[in-house]
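Asker: I'd like to ask you about the structure that follows.
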Amino acid sequence: MLKNMQIGPENFTFEPYDFHLMGILNVTPDSFSDGGRFNQLDKALFHTEELIKSGCRIIDIGGESTRPGHTRISDAEEIERTAPIISAVKREFNVAVSVDTYKSAVAEAAMEAGCDLINDIWGLKADPALAAVIARYDAPCVLMHNRDNHNYTNLIPDIIADLNETLSLAEKAGIKKDRIILDPGIGFGKDYTQNLLTLKHLADLKAAFDYPWLLGISRKSVIGLTLDLPSEEREEGTAALNTWGLTQGMHFFRIHDAEKSRRALLMQQAVLKVGE
């Protein structure tokens, strides 16, 4: 089992152009792309098996939608949605599990249920107690760039400054550096053009921080707005941006359609690695 997963060479490699897939398992009724599809245990386990067969090494379980205009639910309801699924996935499959939450109580319940990794869309800034939970369990964590507005003076330097604030919170709480993955936060705290610019400058963000990076762009609105397509028709755009991310130094990719994403990334990887 990958319980107490190490973010390091013992389980994940970070050589140039290596990649690892994080499969999305939303157990919510209202997520923007797949709300209501997997919020029953048997359906969640079936989809988990599909994701693993398609190459996912991490299953990211979310109990509260974070789509624009979402309704916040109570800690108790989010725990009720996620903890039983986490326990069942860990019991049935040899795979790492992350919980997609920014709430300390939900994160603690998830860890007690067998979770391996905390995926925080607010970079430790929404719940002051979350960093302490992560440190106490010595849990790996994804810390995403986010803010509650689109008001940047200079986009990339401002993102770097925001992430430095996140890393300072992590250090103060005692989270070890080798437990941290960063996420540029595509679709969060950014308008359409800012999302595209962030994608354009992924290599600059990678150069600014000596950490593994996760790219979560699967079916995001930046794709829909560019191609004028609904969420269920954004797989080509997702593949294009994932392969771009691989060229820019991203190592983890959070995805809905694991098989198509894996094929696209493998093709790009072959080109990047040939002749090395």
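The values are calculated or read from the model by the stated rules, or taken from the named source; none is laboratory data. Computed from a predicted structure; not experimentally measured. Glycine gets a Cβ as well: all are built from the backbone with ideal geometry, and neighbour counts include every protein chain shown. These accessible areas exclude ligands, DNA and RNA; they are computed on the full protein's heavy atoms, side chains included. Shrake-Rupley method; radii C 1.70, N 1.55, O 1.52, S 1.80 Å.
Asker: Mind grabbing the accessible area of E232 for me, 1.4 Å probe, Å², rounded to tens?
Answerer: Roughly 120 Å² of E232 is accessible to a 1.4 Å probe.
Asker: Another one. Using the C-alpha gyration tensor of region 154-273, what are the square roots of 5 times its eigenvalues, in whole angstrom, with the largest one first?
Answerer: Equivalent ellipsoid semi-axes, largest first: 25, 17, 13 Å.
Asker: May I pose another question? Using unit Cβ charges (K, R positive; D, E negative) and no other charged atoms, how large, in debye to the nearest 20, is the dipole of region 56-117 about its Cα centre?
Answerer: Around 180 debye, computed over region 56-117.
Asker: Taking a threshold of 22 Å on the Cα-Cα distance, which of the pairs K190/K220; K43/K90; K53/K90; K53/K176 fall above it?
Answerer: Long pairs (Cα-Cα over 22 Å): K53/K176.
Asker: Which whole-Hz ³J(HN,Hα) couplings does region 91-102 yield from phi under the Karplus relation 6.51 cos²θ - 1.76 cosθ + 1.60, θ = phi - 60°, glycine and proline marked x?
Answerer: Along region 91-102, the couplings run 6, 8, 9, 8, 8, 6, 10, 10, 10, 8, 8, 10 Hz.
Asker: Mind checking which of A109, A83, A161 has the largest fluctuation in a GNM of the chain, springs on alpha carbons under 10 Å?
Answerer: The residue with the greatest mean-square fluctuation here is A161.
Asker: Using only the heavy atoms of the protein chains and a 1.4 Å probe, how would D42, D75, D204 rank by accessible area, largest first?
Answerer: D42, D204, D75
Asker: Could you calculate the contour length gain from R136 to K177, that is, 0.36 nm times the residue separation minus the distance between their Cα atoms, to one decimal place in nm?
Answerer: Separation in residues times 0.36 nm, less the Cα-Cα distance, equals 13.3 nm.
Asker: If you don't mind, another one. Which residues' amide hydrogens lie under 5 Å from the amide hydrogen of A126, considering only partners 5 or more residues apart or on another chain, with H built in the peptide plane?
Answerer: none
Asker: What are the radius of gyration and Dmax of region 119-204, computed over its Cα atoms and given in Å?
Answerer: Every Cα atom of region 119-204 included, Rg and Dmax give 13.0, 39 Å.
Asker: Enumerate the amide H contacts of A96 below 5 Å, restricted to partners 5 or more residues apart or on another chain; note that Pro and chain-start residues carry no placed amide H.
Answerer: I59
Asker: Dipole size in debye (nearest 20) for region 171-254 around its Cα centre, Lys and Arg Cβ +1, Asp and Glu Cβ -1?
Answerer: Its charge dipole is roughly 380 debye.
Asker: Cα gyration tensor of the chain, axes a ≥ b ≥ c as square roots of the eigenvalues: rounded (a/c below 1.5), prolate (a/b > b/c) or oblate?
Answerer: The shape class here is rounded.
Asker: To continue, here is another question. Taking the solvent-accessible surface of protein heavy atoms with a 1.4 Å probe, what is the per residue accessible area of the chain in Å²?
Answerer: I get 43 Å² per residue for this part.
Asker: If you take the alpha carbon radius of gyration of region 199-241 and divide it by 2.2 N^0.38 Å, what ratio comes out, to two decimals?
Answerer: Relative to the 2.2 N^0.38 Å estimate, region 199-241 comes out at 1.35.
Asker: Another one. Treat every Asp and Glu Cβ in the chain as -1 and every Lys and Arg Cβ as +1, leave all other atoms uncharged, and give the resulting dipole magnitude about the Cα centre to the nearest 20 debye.
Answerer: Roughly 280 debye for the chain.
Asker: Can you list the residues, at least 5 places off or on another chain, whose amide H is less than 5 Å from the amide H of G216, using H built in the peptide plane?
Answerer: Correct list: G185, I186, R254.
Asker: Give me the percent of the accessible area of the chain that comes from carbon and sulfur atoms, probe 1.4 Å, all protein chains in place.
Answerer: C and S fraction of accessible area: 52 percent.
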